[in-house]
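Participant: Here it is, the structure, as structure tokens.
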Amino acid sequence: MAALRSTEIQVAPTAENTEPQEDKTDPSRIEVVSVTDEDLPTVETPTTINVSPLTSRSNTPPPDSSFEKHSDQVRNPIYDPQTQVPPSPTMPITKVQPFMNEEKTWHGRLFACRMELLFGGCVLVVVTLTLGIGLGVGLSCEGKFRCGTSSRCISISAQCDGIVDCEEGEDELSCVRLSGKSSVLQVRSEGEWKTVCSDEWNSALGVSACKQLGYARYVESSSLPCSSIEQDFQNNLISININRSGLQQAIKIHNASHLSKTQCSSGRVTTIKCLDCGTRPRFSRRIVGGNVSASGQFPWQVSLHFQNEHLCGGSIITSRWILTAAHCVYGFAYPTLWALHVGLIEQPVNGAQALAVEKIIYHDRYRPKGLDYDIALMKLAEPLIFNGYVEPICLPNFGENFEDGLICWISGWGASEDGGEGSVLMHSARVPLISTKVCSQPGVYQGFISSWMICAGYLEGGTDSCQGDSGGPLACEDMAVWKLVGATSWGQGCAERNKPGVYTRITQSLYWIHLQMEVSREGET
Ligand code: ARG
């Protein structure tokens, strides 16, 4: 065995490796000793000796003159360090022994060894503790903003101030959000979210705000009396004062120098729209057999084909982005393995044109053994053209609440029973949202439902999503606009009693989604 560690060589007790010889010089110096077979005592030897690392057999001797080239073959008995004659290949091994001055008795050596180990151990513990504590403090970044996954922390007020502090500029991302039912614009400033007052607002700002949310386009903005929005967003107003030329230089709207603390004299706040979404222009409410979906009924539904077979569902959220579940792509996040189909009802899609994927991103905290963070995005190589059969669904806004019992829809080509075959035709079903409280009850999914999940379905069973529906939409209509409330994630069996479907909660995933789209920049509407 030859496990080489830094100061220790495990050796078999052969003659070549026997214990170092006697002490001759200053103990602090690393000594060179030449040994021959004859010099070696025939005493019992330990299996471990402490020596400094055997240096490589290179030709460069270390600076210490007593530390010479050596070979680990014991051959030639004499090598005088004083003469500086390098050993020839036939010359002896020169073992380097750091403990030459110690007690010659085994007892003493053993004791010295122990002391050494003890001391080493103590040093190790101290170093580990220091590093651990230091790292812990660094990693926790308490009360500060952490730059990506690095250990760098910056003050909260430096986040979203228009000045890049983190190496990758993460501190200037996620600085804009849309909140509440009416899509009120908010910017992050001095560590707080502030609602944008409509004073001094102009549409160029809207273009920038949409860009910062990861959209490539901007549709419109309007203003609302502050009193008509949710209470949570009514305080902390801010006006953005920037002209068009300013915007051309600094595309970020949250830049501190553009924010004015003056009162919002109009008392009105800004709402914006970056995408026409959530409508079904081609859906006529004709009745179709059973729960087979009609053309245009769920125009945001995508079929994700893995190696030419339907594997999962997805939802169109912009012309370039498809939202799905992380568990659909985990381990297979290679764009070329996937092809997407949109605007279809019937599988398989013989000859139909498949859409190529450019990029697949899944939540970095998703773990295949876990159930949280089950979200992924696929970026299309080419933007979609919306035509009524292919349409995006709206993302909900921050702080939007979808009431328990609200009737929503699930759709996809999943199995019609647990372990069954996928469906040829896209099916859909009405399912009510179930509160986390009810869904976490004993007998349901006690201890399994996190803030990243939302349950929907029936405790009595009978209607549910199933294998093959994953990643697909849980869509809810809200004032004639359809919003993506969940992405099909998991369930115990399918449609079983007390085992409703569990969906990734989109309101929880908004920062992640917009961040990916913002970073990827080219996200288009
Ligand atoms: N994980 C499944 C899939 O990959 C979806 C399961 C949904 N199950 C349920 N009972 N709702 O397709």
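Quick grid of which residues meet (1) within 10 Å of the ligand (Cβ to nearest atom); (2) surrounded by fewer than 19 Cβ atoms within 10 Å (Cβ to Cβ); (3) under 24 Å from L510 (Cβ atoms); (4) of a type in the set (S, T, Y):
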site: G420; (1), (2), (3), (4): no, yes, no, no
site: S423; (1), (2), (3), (4): no, no, no, yes
site: V431; (1), (2), (3), (4): yes, no, yes, no
site: Y445; (1), (2), (3), (4): no, no, yes, yes
site: G457; (1), (2), (3), (4): yes, no, yes, no
site: G471; (1), (2), (3), (4): yes, no, yes, no
site: D478; (1), (2), (3), (4): no, yes, yes, no
site: V485; (1), (2), (3), (4): no, no, yes, no
site: G491; (1), (2), (3), (4): yes, no, yes, no
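Participant: May I pose another question? Out of the residues in region 498-509 that are within 12 Å of the ligand (Cβ to nearest atom) and surrounded by fewer than 24 Cβ atoms within 10 Å (Cβ to Cβ), which is farthest from G420 (Cα to Cα)?
Facilitator: First, pick out the residues of region 498-509 that are within 12 Å of the ligand (Cβ to nearest atom): 498-504.
Next cut, surrounded by fewer than 24 Cβ atoms within 10 Å (Cβ to Cβ) only: 498-499.
On the way: N498: 20, K499: 18 Å.
Within region 498-509, the match that is farthest from G420 (Cα to Cα) is N498.
Participant: Can you tell me which residue within region 402-414, out of those that are touching a residue at least 60 places away in the same chain (Cβ under 8 Å) and within 30 Å of the chain's Cα centre (by Cα), is nearest to the ligand (Cβ to nearest atom)?
Facilitator: G414
Participant: Can you tell me which residues in region 183-214 are open to solvent by 40 Å² or more (accessible area, probe 1.4 Å) and polar (S, T, N, Q)?
Facilitator: S203
Participant: Where the second residue is among the charged types (D, E, K, R) and in a strand (DSSP E or B) and the first is open to solvent by less than 10 Å² (accessible area, probe 1.4 Å) and away from the ligand (no atom under 11 Å from the Cβ) and lies in region 309-338, which pairs have Cβ atoms under 9 Å and are six or more apart or on separate chains?
Facilitator: W321/K379; I322/K379
Each row is one residue, and each column tells you yes or no for (1) of a type in the set (D, E, K, R); (2) without any contact (Cβ under 8 Å) to a residue 24 or more places away in the chain.
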residue: S157; (1), (2): no, no
residue: C166; (1), (2): no, yes
residue: G169; (1), (2): no, yes
residue: R177; (1), (2): yes, no
residue: W193; (1), (2): no, no
residue: D199; (1), (2): yes, no
residue: A209; (1), (2): no, no
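Participant: Tell me which residues, restricted to region 363-412, are in a loop (DSSP other than H, G, I, E, B), among the small types (G, A, S) and closer than 22 Å to I345 by Cβ. Write out each step before concluding.
Facilitator: Filtering region 363-412 for residues in a loop (DSSP other than H, G, I, E, B) gives 363-375, 381-393, 395-397, 399-406.
Those still in the list that are among the small types (G, A, S) too: 370, 381, 388, 399, 405.
The one that is in a loop (DSSP other than H, G, I, E, B), among the small types (G, A, S) and closer than 22 Å to I345 by Cβ: G388.
The values are calculated or read from the model by the stated rules, or taken from the named source; none is laboratory data. On a predicted model such as this, the values are computed, not experimentally measured, just so you know. Note: ideal-geometry Cβ built from the backbone for every residue, glycine included; neighbour counts use all protein chains shown. Please note that ligands, DNA and RNA were not included when accessible areas were found on the heavy atoms of the full protein model with its side chains. Shrake-Rupley method; radii C 1.70, N 1.55, O 1.52, S 1.80 Å.
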